[in-house]
Amino acid sequence: MRKALRWLLALTVLLGTLSTAAGAATAAEPEPTDIKDRLLSIPGMSLVQEKPYPGYRYFVLNYTQPVDHRHPGRGTFQQRITVLHKDTSRPTVFYTSGYNVSTTPSRREPTQIVDGNQVSLEYRFFTPSRPEPADWSKLDIWQAASDQHRVYQALKTVYAANWLATGGSKGGMTATYYERFYPRDMDGVVAYVAPNDVVNDEDSAYDRFFTQVGTKACRDRLDAVQREALVRREPLEKRYARYAADNGYTFDTIGSLDRAYEAVVLDYVWGFWQYSLLKDCDTVPADAATASDDAIWDSVDTISGFSAYTDQGLQTYTPYYYQAGTQLGAPTIHFPYLGRDLVRYGYQPPRNLVPRSIPMRFQPRAMRDVDTWVRHHATHMLFVYGQNDPWGAERFRLGAGARDAYVFTAPGLNHGANVAGLVPEEKSLATARVLDWAGLSPATVARAKPLARYDARLDARDTEREPAPRP
């Protein structure tokens with residue numbers, strides 16, 4: 001009996017030892033080392049595609065996000081992100097355009113400056129990153145900032161070095177809002193050409209801008225083409241109707257072809273200065289009154305785009321127009337040189353550009369809150385504007401509470417302004433601050449030069465083109 005008990009006790013100890021050893025072996029299993037495996041080990045992360053690029057790994061991913069960050073149990077959606085991976089020891093740049101995310105490998109200017117990784121995020125409600133069904137009340141700047149916050153928290157476990165947020169235009173706005181709501185996440189922010197419409201109903205800054213930008217000769221040439229397009233409204237609208245029929249375009253959202261035509265023409269001057277340079281005035285018809293209908297049409301179409309206010313053209317940008325009409329605000333400018341007899345509708349408000357099935361209500365405090373926060377609390381923030389960019393007429397400004405923060409203007413540049421286009425002293429200072437915020441060595445900061453060589457495919461500086469006036 002004693003032998004049986006001793007045997008049973010020995011067996012129990014042995015089994016316990018084996019169980020402990022097995023547990024220890026399981027616990028000792030190494031963490032994934034391949035970057036793809038590390039990314040996919042993050043809960044909610046899934047792979048769409050990996051694309052090769054020399055010197056990098058590039059991943060297109062989906063990440064599970066709550067539709068409502070205040071009530072995360074009330075449904076989820078898949079948000080598209082991309083990761084341009086260089087090395088987990090390098091700084092990481094968190095980029096968003098504020099619109100769709102491109103799935104072609106690219107590198108934003110701060111990523112080139114710090115020679116780092118880049119995480120790019122598609123803005124919520126731009127397809128395919130749209131909840132189904134879409135509750136449009138959950139499309140606001142706080143929810144979008146919370147998307148970024150969750151992605152940062154998930155990826156910080158992989159990329160432990162410093163992080164910088166960046167974006168251009170609406171992406172610059174997005175980076176700023178993210179910093180306002182989650183100021184402890186990023187080590188620095190570089191916001192390019194970010195509009196700041198604090199009081200939506202007061203847009204006189206834009207009117208003043210258009211009386212001063214460029215040269216009088218260029219302004220007169222643009223104004224004349226715009227006016228002539230309205231003088232010739234009847235024949236050019238017949239051409240527009242044929243163009244729409246040939247391409248299957250409709251005008252239900254804006255209300256009519258006539259409204260759409262005027263909206264495109266009124267965008268003409270804004271669109272030129274947003275995307276063109278002063279030297280490009282030579283491409284504008286010199287004598288609008290004697291120019292052919294083809295010349296007027298082609299100039300307006302090239303700059304404004306006659307597809308912009310069709311249902312098909314508006315559909316992609318419904319999330320932007322919704323936000324413009326609920327929080328961001330939208331510009332209203334006047335055209336005294338055109339005369340009341342030529343302008344029937346004026347600038348179309350965002351409500352006219354969003355299907356009526358989507359309810360909208362403007363929240364005037366949203367931009368005032370962000371503006372006040374930036375003035376009093378901006379830290380490690382850089383704002384870059386273009387001298388000839390209309391969106392810079394209403395911009396972010398710094399107050400006495402700002403620390404290690406800067407607003408610079410690139411002379412002669414448009415909506416594609418960047419650090420490289422600043423005057424030498426400001427370019428060196430901006431580059432040095434970005435390197436410092438990225439946590440790089442004092443010697444590297446002192447050199448104030450981008451660390452990565454220019455890559456014509458990755459670093460294309462063309463402005464992200466949307467029909468104007470969209471930031």
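Observations on the model:
- Taking every DSSP helix (H) stretch of at least 4 residues in the chain, weighting each as -39,500 (n - 2.57) and dividing the sum by the residue count yields a mean residue ellipticity at 222 nm of -11500 deg cm²/dmol.
- Low-density loop cleavage sites - chymotrypsin sites (Phe, Trp or Tyr not before Pro) in region 174-281, where at most 15 other Cβ are within 10 Å (DSSP): none
- Estimated translational D of region 35-183 in µm²/s (Stokes, Kirkwood radius over Cα pairs; 4 °C; 1.567 mPa s): 85 µm²/s
- Using the Cβ-Cβ distance between GLU50 and ASP87 with R0 set to 22 Å, the FRET efficiency from 1/(1 + (r/R0)^6) comes to roughly 0.85.
- Relative contact order of region 82-206, defined on C-alpha pairs under 8 angstrom at six or more residues apart (%): 29 percent
- Full-extension gain in nm, ARG457 to THR211, via 0.36 nm per residue minus C-alpha separation: 84.8 nm
- HIS377 paired with ASP341, simple spin-label distance in nm, labels 7 Å along Cα-to-beta-carbon: 5.5 nm
- Considering only PHE408, TYR385, ALA443, the residue lying farthest towards the positive end of the dipole of region 377-459 is ALA443, judged by Cα position with unit charges set on Cβ.
- In region 383-432, the GluC sites (Glu not before Pro) that fall in loop regions by DSSP, at most 10 other Cβ within 10 Å: none
- Selection of trypsin sites (Lys or Arg not before Pro), region 406-465, meeting DSSP coil and at most 15 other Cβ within 10 Å: ARG453, ARG457, ARG461, ARG465
- The chain - percent relative contact order, Cα under 8 Å, separation 6 or more: 16 percent
- Each Lys and Arg Cβ is given +1 and each Asp and Glu Cβ -1; about its Cα centre, the chain then shows a dipole of about 1860 debye.
- Each Lys or Arg adds one and each Asp or Glu takes one away; over the other residues whose Cβ falls under 12 Å from the Cβ of HIS380, this sums to -2.
- Region 163-221 - Kirkwood radius from inverse mean 1/r over Cα pairs (Å): 13.6 Å
- Candidates THR174, LEU222, ASN162 compared by Cα position along the dipole of region 99-226: farthest toward the positive end lies ASN162, with charges placed on Cβ.
- Of all DSSP beta bridges in the chain, antiparallel share, percent nearest 5: 50 percent
- Whole-number accessible area per residue in Å² for region 74-124, which is evaluated in the context of all protein chains at 1.4 Å: 26 Å²
- With q set to 0.09, 0.11, 0.12 Å⁻¹, the log10 of I(q)/I(0) for the chain, from the Debye formula over equal scatterers at the Cα positions, is -0.65, -0.93, -1.08.
- Cα gyration tensor shape for region 380-444, rounded if a/c is under 1.5, else prolate or oblate: oblate
- Accessible-area composition of region 25-117, carbon plus sulfur, in percent [1.4 Å probe]: 48 percent
The values are calculated or read from the model by the stated rules, or taken from the named source; none is laboratory data. Note that this is a predicted model, so its numbers are computed, not measured. Neighbour counts run over all protein chains shown; Cβ positions are idealised from the backbone, glycine included. For accessibility, only protein heavy atoms count, side chains too; no ligands or nucleic acids. Shrake-Rupley method; radii C 1.70, N 1.55, O 1.52, S 1.80 Å.
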